[in-house]
Amino acid sequence: MLLYIHVPFCRGKCRYCAFVSKPVDMAELETFTATLPLEMRYWGGRLGKPEVETVYFGGGTPSLLPPWALRRIMPEIRRNFELAPTVEWTFEANPDSALDSDYLKSLMGYGVNRLSLGFQSLSDDDLQFLGRPHNASGAIAAYNAARMAGFANISLDFIWGLPGQRESLWLEQLKYAMRLRPEHLSCYGLTVEPGTPLADDVAAGGIELPPETEQGRMYVHGAEYLEARGYLQYEISSFARMGFVSRHNSGYWEGKDYLGLGPGAVSTMAGMRHENPRDVREWARAVKTGRLAREAVALSPEERARELVMLSLRTAKGLRLAAYRKATGRDFLKENEALVTALRQNGLIRISAGHLRLTKNGFLVSNIILERLSY
């Protein structure tokens, strides 16, 4: 089982962000810190202290949790869950809150062995546009602090396709990142999420994103650049050096059971899915009154088939055709014969060794492909 813990606090809402997060409120932070151990005890008891192969603190900004909060939260994980001997324990951090080497060392002392740093860019202009609370030099300083603290597995997040960005500028970003030699890179295309300040600006015509053809070159040539330097593209947005694939995220794409804790966290276990209340106080009331997962719903066979296809095609391994037949009793290639033929002729998919995979150009238009497939 995978364990995800959502920390909903940040310094300020970034212009592009649609995640469940909000600026730090000390009263809510206290409520969160007092309630999360209770939620762990609830599930640890209900599931019989299950074995966990990965732990992932996401957000929000987990690195905003002060030392006193960590002292309350971290020991409860081992008390309520059996951690696998090879557990991968990831902690997300923003550079502005990851400069204290003592803090970073304390994370390692609790068992954290993988740090994910939200760089997003190494251009001060881009960072200012995105509303990030750090600059490029701060990002580098945080990376160096993590190395000095002893982290041997560091992932860096970047966003491409920003206003005014061109392929040459994106490749320059990646060139700079290569000098740092991180173990893992997550490179996301800028997504205009409804309800965000960025979406409002784009709708008002105040911001123009790069043309689709330019974004396509950024994605394909950026991926080729990274692979030529030893970073395997194992998922649509993820690149890793040998031995440093994110086991937690890979678990999602492989359809493993996962338990989500904290406000807004989603869980899927034994074919049942539920989402925690998003509001901190509402979530706390649900935990304290034992109302967690009361509204869990069973995934239908159609939903399971759809998720199998969508998650598998995010990965470089692709969809195992025998697994689809086993899950549905149907032949995926026959059901999608005309579309599969067109996609192959246009170099968007490959079929080999019993798997259907998207090419790099296929990844680029994966949403359109997934909309047209029959499951």
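The values are calculated or read from the model by the stated rules, or taken from the named source; none is laboratory data. Note that the structure is predicted; figures quoted are calculated from it, not measured. Positions of Cβ are backbone-derived with ideal geometry, glycine not excepted, and every protein chain shown enters the neighbour counts.
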message: So the check is Cβ under 6 Å with 6+ separation or different chains; which pairs have a first residue in the stretch 131-148 that's surrounded by 19 or more Cβ atoms within 10 Å (Cβ to Cβ) and a second one that's at pLDDT 95 or above and of a type in the set (Val, Ile, Thr)?
response: ALA146/ILE154
query: Within the stretch 220-237, how many residues turn out to be of a type outside the set (D, E, K, R), touching a helix residue (DSSP H, G or I) at 6+ places or on another chain (Cβ under 8 Å) and farther than 17 Å from ASN361 by Cβ?
result: 1
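If we scan the stretch 323-333, do we find a residue that is of a type in the set (D, E, K, R), over 17 Å from LEU364 (Cα atoms) and either in a helix (DSSP H, G or I) or touching a strand residue (DSSP E or B) at 6+ places or on another chain (Cβ under 6 Å) (or both)?
Quick first cut of the stretch 323-333, residues of a type in the set (D, E, K, R) only: 325-326, 330-331.
Narrowing further to those that are over 17 Å from LEU364 (Cα atoms): 325-326, 330-331.
Adding the requirement that they be either in a helix (DSSP H, G or I) or touching a strand residue (DSSP E or B) at 6+ places or on another chain (Cβ under 6 Å) (or both) leaves 325-326.
So far as the stretch 323-333 goes, yes, one or more of its residues are of a type in the set (D, E, K, R), over 17 Å from LEU364 (Cα atoms) and either in a helix (DSSP H, G or I) or touching a strand residue (DSSP E or B) at 6+ places or on another chain (Cβ under 6 Å) (or both).
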message: Among the residues that make up the stretch 25-48, is at least one of them of a type in the set (A, V, I, L, M, F, W, C), closer than 22 Å to PRO182 by Cβ and either out of contact with any His (no Cβ under 6 Å at 6 or more places or on another chain) or touching a residue at least 60 places away in the same chain (Cβ under 8 Å) (or both)?
response: no
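So that you can scan it fast, the table gives a plain yes or no per residue for (1) exposed (fewer than 12 other Cβ atoms within 10 Å of the Cβ); (2) in contact (Cβ under 8 Å) with a residue 12 or more places away in the chain:
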{"residue": "ALA298", "(1), (2)": "yes, yes"}
{"residue": "THR315", "(1), (2)": "no, yes"}
{"residue": "LEU319", "(1), (2)": "no, yes"}
{"residue": "ALA327", "(1), (2)": "no, yes"}
{"residue": "ALA338", "(1), (2)": "yes, no"}
{"residue": "ALA353", "(1), (2)": "yes, no"}
{"residue": "ARG357", "(1), (2)": "no, yes"}
query: For ALA223, are the conditions met, namely being under 16 Å from LEU156 (Cβ atoms) and out of contact with any Ser or Thr (no Cβ under 8 Å at 6 or more places or on another chain)?
result: yes
- prompt: Which condition does ALA316 not pass, out of (1) in contact with a Leu (Cβ under 9 Å, 6 or more places away or on another chain); (2) under 17 Å from PRO301 (Cα atoms), if it passes all the others?
  reply: (2)
- prompt: Are any residues in the stretch 13-67 over 23 Å from the mean Cα position of the chain (by Cα), farther than 14 Å from ARG281 by Cα and charged (D, E, K, R), and if so, which ones?
  reply: ARG41, ARG46, LYS49
field: Subset of the stretch 163-190 (residues that are within 14 Å of LEU209 (Cα to Cα) and under 16 Å from the mean Cα position of the chain (by Cα))
entry: GLY189, LEU190
task: Run down GLY318, GLY243 and say which single residue is at pLDDT 95 or above, over 17 Å from the mean Cα position of the chain (by Cα) and assigned by TED's automatic domain parsing to the domain that holds MET74.
output: GLY243
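Go through the stretch 132-142 and report how many residues are in a helix (DSSP H, G or I) and out of contact with any helix residue (DSSP H, G or I) (no Cβ under 6 Å at 6 or more places or on another chain).
Step one: filter the stretch 132-142 for residues in a helix (DSSP H, G or I), giving 136-142.
Among the residues that remain, those that are also out of contact with any helix residue (DSSP H, G or I) (no Cβ under 6 Å at 6 or more places or on another chain) are: 137, 140-141.
The number of residues fulfilling the criteria is 3.
Going through GLY44, GLY60 one at a time, which residue ends up being surrounded by 15 or more Cβ atoms within 10 Å (Cβ to Cβ) and on the phi > 0 side of the Ramachandran plot? Walk me through how you get there before you give the answer.
Values: GLY44 fails: on the phi > 0 side of the Ramachandran plot.
Sole residue among the options that is surrounded by 15 or more Cβ atoms within 10 Å (Cβ to Cβ) and on the phi > 0 side of the Ramachandran plot: GLY60.
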- request: Only residues that are over 17 Å from PHE57 (Cα atoms) and not in a strand (DSSP E or B): list them for the stretch 97-122, please.
  value: LEU99, ASP100, SER101, ASP102, SER121, LEU122
- prompt: Restricting attention to the stretch 166-184, which residues are under 22 Å from GLU235 (Cβ atoms) and in a loop (DSSP other than H, G, I, E, B)?
  reply: ARG181, PRO182, GLU183
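Mind listing just one residue for me: the one in the stretch 1-19 that is of a type in the set (A, V, I, L, M, F, W, C) and in contact with a Ser or Thr (Cβ under 6 Å, 6 or more places away or on another chain) and, of those, surrounded by the most Cβ atoms within 10 Å (Cβ to Cβ)? If you could, list the steps in order and put the result at the bottom.
The first filter runs over the stretch 1-19 and keeps only residues of a type in the set (A, V, I, L, M, F, W, C), leaving 1-3, 5, 7, 9-10, 14, 17-19.
Within this subset, residues satisfying the condition of being in contact with a Ser or Thr (Cβ under 6 Å, 6 or more places away or on another chain) are 2, 10, 18.
Working: LEU2: 23, CYS10: 21, ALA18: 15.
Checking each candidate, the answer is LEU2.
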- request: Determine which single condition PRO263 fails, assuming it passes every other condition in (1) in the same structural domain as ILE154 (by TED's automatic domain parsing); (2) in contact with a Lys or Arg (Cβ under 6 Å, 6 or more places away or on another chain).
  value: (1)
task: Hey, could you check the stretch 185-195 for residues that are part of a loop (DSSP other than H, G, I, E, B) and in contact with a Phe, Trp or Tyr (Cβ under 8 Å, 6 or more places away or on another chain) and say which is farthest from ARG229 (Cα to Cα)?
output: GLU193
- line: Within the stretch 194-218, the residues that are surrounded by fewer than 12 Cβ atoms within 10 Å (Cβ to Cβ) and either modelled with pLDDT of 85 or more or within 29 Å of ALA93 (Cα to Cα) (or both) are PRO194, GLY195, PRO211, GLU212, THR213
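Restricting the stretch 20-36 to residues that are part of a loop (DSSP other than H, G, I, E, B) and surrounded by 15 or more Cβ atoms within 10 Å (Cβ to Cβ), which is modelled with the highest pLDDT?
Initially, the stretch 20-36 is screened for residues part of a loop (DSSP other than H, G, I, E, B), giving 20-21, 24-25.
Those still in the list that are surrounded by 15 or more Cβ atoms within 10 Å (Cβ to Cβ) too: 20-21, 24.
Details: VAL20: 75, SER21: 78, VAL24: 89.
My answer is VAL24.
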